[in-house]
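The values are calculated or read from the model by the stated rules, or taken from the named source; none is laboratory data. From a predicted model like this one, the values you see are computed outputs, not experimental measurements. Cβ atoms come from the backbone with ideal geometry, glycine included; neighbour counts cover every protein chain shown.
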Amino acid sequence: MIGVFDLFSKRQSALRGEVPDVYTYDNIPNKLRVQIIHIIRSFTKTEYYDQGKFFETLHKILCKEYGVFTLKQNEWDDDYNYEKIILEYLLKTDNFEHVLDIIEIFYTYFYSNDKKDLTEKTFSELNHRFKENGVGYVLESKQILRIDSQIIHSDIVKPTLNILNESIYSGANEEFLKAHEHYRSNRNQECLNECLKSFESILKAICDKNSWSYNQNDTSKRLIKICFDNNLIPAYLQTQFSSLQQLFESGVPTIRNKNSGHGQGVQQIQVTNEVTSYMLHLTATNLLFLTQQEKLLHT
């Protein structure tokens with residue numbers, strides 16, 4: 001499979017400062033769409049897959065979910081080449097989220113542990129193309145996630161998702177991915193709700209893993225206390241980070257409670273993208289820290 005080439009023209013563009021340093025979220029440029037089509041075509045033409053069946057299946061899924069009979073640009077055209085229909089739709093649709101839908105389904109349909117190396121190389125290239133074109137999305141854990149900073153994503157979000165792949169953290173993983181899905185779609189209040197759920201789920205999972213007693217209806221504040229009482233954070237670290245518990249208590253739970261967890265009253269509460277982004281990445285940082293500390297209990 002042909003991968004990414006560091007062309008002369010790319011290097012010159014970088015030297016001239018023409019590489020985008022700010023992500024866009026509501027537009028998939030034509031260049032990127034064409035690159036995605038090249039990747040899909042290259043992958044589906046391997047000896048491993050029946051490409052005709054794949055594109056027909058993909059067409060059926062999308063038509064059903066979008067509530068339409070066909071994705072053809074000219075629905076009276078008698079040509080039912082499903083590869084042509086899907087890729088032409090990907091190239092021409094005005095709905096950028098539909099482009100992301102196609103990428104997600106493409107990944108889900110083809111991902112196989114038997115061909116993991118080939119699959120991962122393909123989607124590593126997809127993520128490279130997103131970054132290269134300044135489009136703020138990445139494919140992780142079989143989902144398209146919105147990213148605000150490549151550093152935050154690589155240093156915090158990605159390691160968090162890796163840890164949450166453990167079966168005992170499946171509930172927290174599902175809720176954290178839902179939070180990302182809501183964030184991508186600007187459903188900010190829903191994002192905050194899922195953030196708190198994932199935070200509470202990770203605390204309960206740690207308690208379960210270590211047989212620490214708690215009640216299912218315990219609040220995050222109570223769960224945090226249980227974890228501290230059981231030396232999830234060693235005494236010498238609690239002294240060094242004397243405000244850590246306060247940070248946890250006033251971080252994830254409080255933001256969610258003040259912004260989305262209660263009735264709005266007369267004045268409708270607007271949860272800004274900035275608050276939501278902070279909340280999402282604060283949650284990731286806390287999940288990562290807590291799970292890493294739990295591992296240290298057994299070393």
* Structure fact -> Filtering the stretch 130-148 down to residues that are closer than 21 Å to N173 by Cα and either surrounded by fewer than 16 Cβ atoms within 10 Å (Cβ to Cβ) or modelled with pLDDT under 80 (or both) yields S141, K142, D148
* To do: List every residue pair whose Cβ atoms sit under 6 Å apart, with the two residues 6 or more apart in sequence or on different chains, where the first one lies in the stretch 160-180 and is free of Cβ contacts under 8 Å to residues at least 40 places away in the same chain and the second, anywhere, is polar (S, T, N, Q) and not in a helix (DSSP H, G or I).
  => L161/S141; L177/Q143
* Asked: Looking at the stretch 63-92, which of the residues that are in a loop (DSSP other than H, G, I, E, B) and surrounded by 11 or more Cβ atoms within 10 Å (Cβ to Cβ) is modelled with the lowest pLDDT?
  -> D77
* Find the residue count for the stretch 93-115, including only residues that are at pLDDT below 80, of a type outside the set (D, E) and either within 17 Å of K72 (Cβ to Cβ) or assigned to a helix (DSSP H, G or I) (or both). => 5
* Asked: Residues of the stretch 127-157 being farther than 16 Å from L100 by Cβ and hydroxyl-bearing (S, T, Y), which ones?
  -> S149, S154
* **Boolean, A235 is at pLDDT 65 or above and either over 30 Å from N95 (Cβ atoms) or over 28 Å from the mean Cα position of the chain (by Cα) (or both)** => yes
